[in-house]
Amino acid sequence: MSNMSQDQTGLDAVTREEQELRQPPRYKVLLHNDDYTTMDFVVTVLETVFKHDTDSAHRIMMSVHKEGVGVAGVYPRDVAETKSAMVHNLARKHEYPLKCSLERE
């Protein structure tokens, strides 16, 4: 066997390249329905934190309202955690119990 196609770890060049190109896992940021947070506030959160246009924000808000949960966006873990914290801080500031969670895609 030739050493030209393998390095000291025993991985060939193609395997190393596949490992290097693998995307990090992504996480859905989910908004959960409650009986107190207003629809307008959810739309505002979707527009400001997640940068959705008004139509998209309204569709997601209706999903939260009707189905109990809606996907606000999908991001790498650190971005998803930051956006989730932003939602909780904004909700707390406005005295809403809006819950946000992460789910691995």
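The values are calculated or read from the model by the stated rules, or taken from the named source; none is laboratory data. For clarity, every value in this text was computed on a predicted model and none was experimentally measured. Because the Cβ atoms are built from the backbone with ideal geometry, glycine has one as well, and the counts that use them run over all protein chains shown.
Structure notes:
- For residue 82, the test of being more than 14 Å from the chain's Cα centre (by Cα) and among the polar types (S, T, N, Q) is failed.
- Restricting attention to segment 63-80, the residues that are out of contact with any Ser or Thr (no Cβ under 8 Å at 6 or more places or on another chain), more than 17 Å from residue 23 (Cα to Cα) and free of Cβ contacts under 8 Å to residues at least 40 places away in the same chain add up to 6.
- Flag for residue 72 being hydrophobic (A, V, I, L, M, F, W, C), out of contact with any Gly (no Cβ under 6 Å at 6 or more places or on another chain) and surrounded by fewer than 16 Cβ atoms within 10 Å (Cβ to Cβ): no
- Residue 36 passes every criterion in (1) without any contact (Cβ under 8 Å) to a residue 24 or more places away in the chain; (2) surrounded by fewer than 19 Cβ atoms within 10 Å (Cβ to Cβ) apart from (1).
- Criterion (charged (D, E, K, R) and in contact (Cβ under 8 Å) with a residue 12 or more places away in the chain) met by exactly one of 93, 83: 83
- Candidate set from segment 60-77 (those that are touching a strand residue (DSSP E or B) at 6+ places or on another chain (Cβ under 6 Å) and not in a strand (DSSP E or B)); member that is nearest to residue 38 (Cα to Cα): 64
- Matching residues in segment 61-89 - criterion: being within 14 Å of residue 105 (Cα to Cα) and hydroxyl-bearing (Ser, Thr, Tyr): 75
- Among the candidates 91, 57, 80, residue that is touching an Asp or Glu at 6+ places or on another chain (Cβ under 8 Å), surrounded by 12 or more Cβ atoms within 10 Å (Cβ to Cβ) and part of a helix (DSSP H, G or I): 57
- Members of segment 1-48 that are of a type in the set (Lys, Arg) and modelled with pLDDT under 95: 16, 22
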